[in-house]
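I have a structure I would like to understand better, so I am pasting it below and will then ask my questions one at a time.
The values are calculated or read from the model by the stated rules, or taken from the named source; none is laboratory data. Since we're looking at a predicted model, the values are computed, not measured. Virtual Cβ from ideal backbone geometry, glycine too; neighbours counted across all protein chains shown. Surface accessibility is based on the protein's heavy atoms, side chains included, excluding ligands, DNA and RNA. Shrake-Rupley method; radii C 1.70, N 1.55, O 1.52, S 1.80 Å.
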Amino acid sequence: MNKKLLILQASPRKGGNVYRLAQELADSYTEKGFETEMIDVTSLHFHDCVACMKCRSSGKCIFNDDADDTGRKIEEADIIAVASPVWWGNMPGHLKSLFDRNVFRFMREGTHGIPKPILKGKKGILITACTTPFPFDRICGQTTGLKRAVNEIFKSSGIKLVKVISKSGTKSNIEK
């Protein structure tokens, strides 16, 4: 059985830097024999989390929509790649909402609210790009902010971040 790579592609720019880097990753893993799927997070239709907390006890969300379907694919994947532009030093809101909706698939809470990871053994990859040139992208917390946020989600869930692909200074590459 082939291993599965799931790419959560969160850039609204089809053909932009993040999208192209995600496609290159998909192609390279397909050549290695992986079953690969790239989900365009910007085209998903789902409700934002309403903080009802029912998923914590039931193990499922009260909504059944694209976020729920994507969550099941996250559970099935061996490698989860997050391909995201940097917006204000973090991930775009639609990607954050997707993670919020699927928190019950990433972790449980212990008796004192301590996260208990439930996706141990999975690997994670982060692909990102931002217009701020190197080294200012790191000094100003642009790419480091996104990396910190994704790594926190991965760490809380037991996913080991194994690779970061980062492209800074992309302003000259933006299509007008």
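From the list Ile153, Ile159, exactly one residue is farther than 18 Å from Ser97 by Cα, open to solvent by less than 70 Å² (accessible area, probe 1.4 Å), modelled with pLDDT of 95 or more and β-branched (Val, Ile, Thr). Which is it?
Ile159 is the lone residue from the list that is farther than 18 Å from Ser97 by Cα, open to solvent by less than 70 Å² (accessible area, probe 1.4 Å), modelled with pLDDT of 95 or more and β-branched (Val, Ile, Thr).
Grab the strands (runs of 3 or more DSSP E) fully contained in the stretch 97-139, keeping just those with 1 or more residues being open to solvent by less than 40 Å² (accessible area, probe 1.4 Å) and either among the basic types (Lys, Arg) or touching a Ser or Thr at 6+ places or on another chain (Cβ under 6 Å) (or both).
Where strands (runs of 3 or more DSSP E) fall fully within the stretch 97-139 and carry at least 1 residues being open to solvent by less than 40 Å² (accessible area, probe 1.4 Å) and either among the basic types (Lys, Arg) or touching a Ser or Thr at 6+ places or on another chain (Cβ under 6 Å) (or both), they are 107-109, 123-129.
Also: Quickly run through the stretch 42-71 and pick out the residues that are among the β-branched types (Val, Ile, Thr) and in contact with a helix residue (DSSP H, G or I) (Cβ under 7 Å, 6 or more places away or on another chain). Give the steps one after another, and end with the answer.
Filtering the stretch 42-71 for residues among the β-branched types (Val, Ile, Thr) gives 42, 50, 62, 70.
Passing the criteria: Thr42, Ile62, Thr70.
Tell me which residues, restricted to the stretch 49-65, are open to solvent by 50 Å² or more (accessible area, probe 1.4 Å) and either out of contact with any Asp or Glu (no Cβ under 7 Å at 6 or more places or on another chain) or farther than 24 Å from Gly124 by Cβ (or both).
Those that are open to solvent by 50 Å² or more (accessible area, probe 1.4 Å) and either out of contact with any Asp or Glu (no Cβ under 7 Å at 6 or more places or on another chain) or farther than 24 Å from Gly124 by Cβ (or both): Val50, Ala51, Cys52, Met53, Lys54, Ser57, Ser58, Lys60, Ile62, Asn64.
Scan the stretch 22-35 and give yes if some residue there is surrounded by 14 or more Cβ atoms within 10 Å (Cβ to Cβ), touching a residue at least 40 places away in the same chain (Cβ under 8 Å) and in contact with a helix residue (DSSP H, G or I) (Cβ under 8 Å, 6 or more places away or on another chain), otherwise no.
no
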